[in-house]
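K.L.:
Once you've had a glance at the structure underneath, I'll fire off some questions.
The values are calculated or read from the model by the stated rules, or taken from the named source; none is laboratory data. This is a predicted model, so every value here is computed, not measured. Glycine also receives a Cβ, built like all others from the backbone with ideal geometry; neighbour counts cover every protein chain displayed.
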Amino acid sequence: MHRTPSRSHAPPHWPPGLMYIQSQCYHASVPAKICAVIRPGIASGTLNSNSRAPVIIRPVTAASHPAHGQFGLFASKKIPPRTHIIDYIGEVHADERTDSDYDLSLYRSNDGQVNVGVDARTMGNEARFVNDYRGIRAKPNAEFLEKRSASGELHMSVWSGNEGIKKGEEIVVSYGKGWWRARSCGQASGADSQG
Ligand SMILES: C[S@@+](CC[C@H](N)C(=O)[O-])C[C@H]1O[C@@H](n2cnc3c(N)ncnc32)[C@H](O)[C@@H]1O
């Protein structure tokens, strides 16, 4: 069930103690039949196409920024509209991760019994640093979209919006009102792409 994550050289500003991975790692809580749906016939260690993602991790230094003191994800070159930027890589899991702020919903079984997320709290790639647009820009310039990669594996990915993104601009999405609502009453839940 476990797949050894492919590690490689971490990018600048990657925090110490956090594992940098370039392909999804599967936790033992994901049932085999669900694994087969998420990654049908994918060989162990298959790399995805993030190796040249047009992004850079930067510390947020502006005191007016709501994530001041943390990091954000920025465009390292001009990104055209409606373009795949980077897959959100992390640990694919089916157990509860209510305490993670890096956990996205990835897949729900037809009978609603199994909820699969991708959690980048302890291992992930640059995409884990994408901030929510609130307090940063009037609206998001990117969004999370669930797509299958060329290898057939299901991923949550970051895509640019209708206006594209200028070089140097912060890439921001909407985590969804539900994500913020859950945190304002002290309960965490997976981010979605609504609102
Ligand atoms: C997925 S992480 C984003 C990366 C994070 N800034 C970091 O350096 O690890 C989500 C966390 O970033 C912060 N964050 C992201 N967008 C924010 C916003 N618009 N306002 C305030 N905090 C934000 C919150 O602390 C949130 O729990």
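K.L.:
Is it true that Ser160 is at pLDDT below 95 and more than 16 Å from the ligand (Cβ to nearest atom)? Let's see the steps before the verdict.
P.N.:
Working: at pLDDT below 95: no; more than 16 Å from the ligand (Cβ to nearest atom): yes.
Answer is no for this residue.
K.L.:
Looking at the stretch 131-143, I want the residues that are under 14 Å from Gly164 (Cα atoms) and have a partner that is more than 9 Å from the ligand (Cβ to nearest atom) and modelled with pLDDT under 95 with Cβ atoms under 6 Å, at least 6 apart or on another chain. Which pairs are those?
P.N.:
From the stretch 131-143, the pairs are Glu143/Ser193.
K.L.:
Looking at Ser105, Ser23, can you tell me which residue is polar (S, T, N, Q), surrounded by 18 or more Cβ atoms within 10 Å (Cβ to Cβ) and in contact with a Ser or Thr (Cβ under 6 Å, 6 or more places away or on another chain)? Before the answer, list the steps.
P.N.:
Working: Ser105 fails: in contact with a Ser or Thr (Cβ under 6 Å, 6 or more places away or on another chain).
Going through Ser105, Ser23 in turn, the sole match is Ser23.
K.L.:
Any residue at all in the stretch 168-177 that's more than 11 Å from the ligand (Cβ to nearest atom), at pLDDT below 95, assigned to a loop (DSSP other than H, G, I, E, B) and crowded, with 19+ Cβ neighbours inside 10 Å?
P.N.:
Yes, the stretch 168-177 contains a residue that is more than 11 Å from the ligand (Cβ to nearest atom), at pLDDT below 95, assigned to a loop (DSSP other than H, G, I, E, B) and crowded, with 19+ Cβ neighbours inside 10 Å.
K.L.:
Let me ask something else. Does the stretch 182-189 contain at least one residue that is outside any loop (DSSP other than H, G, I, E, B) and under 30 Å from Gly41 (Cα atoms)?
P.N.:
Checked the stretch 182-189: no residue is outside any loop (DSSP other than H, G, I, E, B) and under 30 Å from Gly41 (Cα atoms).
K.L.:
Might you let me know whether the stretch 80-90 holds any residue that is on the phi > 0 side of the Ramachandran plot, loosely packed, with under 15 Cβ neighbours inside 10 Å and more than 19 Å from the chain's Cα centre (by Cα)?
P.N.:
No; the residues of the stretch 80-90 include none that is on the phi > 0 side of the Ramachandran plot, loosely packed, with under 15 Cβ neighbours inside 10 Å and more than 19 Å from the chain's Cα centre (by Cα).
K.L.:
Can you find, within the stretch 108-121, the residue that is surrounded by the most Cβ atoms within 10 Å (Cβ to Cβ) among those that are more than 29 Å from His13 (Cα to Cα) and not β-branched (Val, Ile, Thr)?
P.N.:
Asn115
K.L.:
Which pairs do you get when a residue that is farther than 15 Å from Tyr133 by Cα and touching a residue at least 12 places away in the same chain (Cβ under 8 Å), found in the stretch 53-71, comes within reach of a residue that is more than 12 Å from the ligand (Cβ to nearest atom) and β-branched (Val, Ile, Thr), reach meaning Cβ atoms under 6 angstrom, with the pair 6+ apart or on two chains?
P.N.:
Pairs found: Ala53/Ile86; Pro54/Ile79; Val55/Ile86.
K.L.:
Looking at Gly152, Gly135, Gly124, which is the one that is more than 13 Å from the ligand (Cβ to nearest atom) and either under 27 Å from His13 (Cα atoms) or modelled with pLDDT under 95 (or both)? Can you show your working first?
P.N.:
Details: Gly135 fails: more than 13 Å from the ligand (Cβ to nearest atom); Gly124 fails: more than 13 Å from the ligand (Cβ to nearest atom).
Every option except Gly152 fails the conditions.
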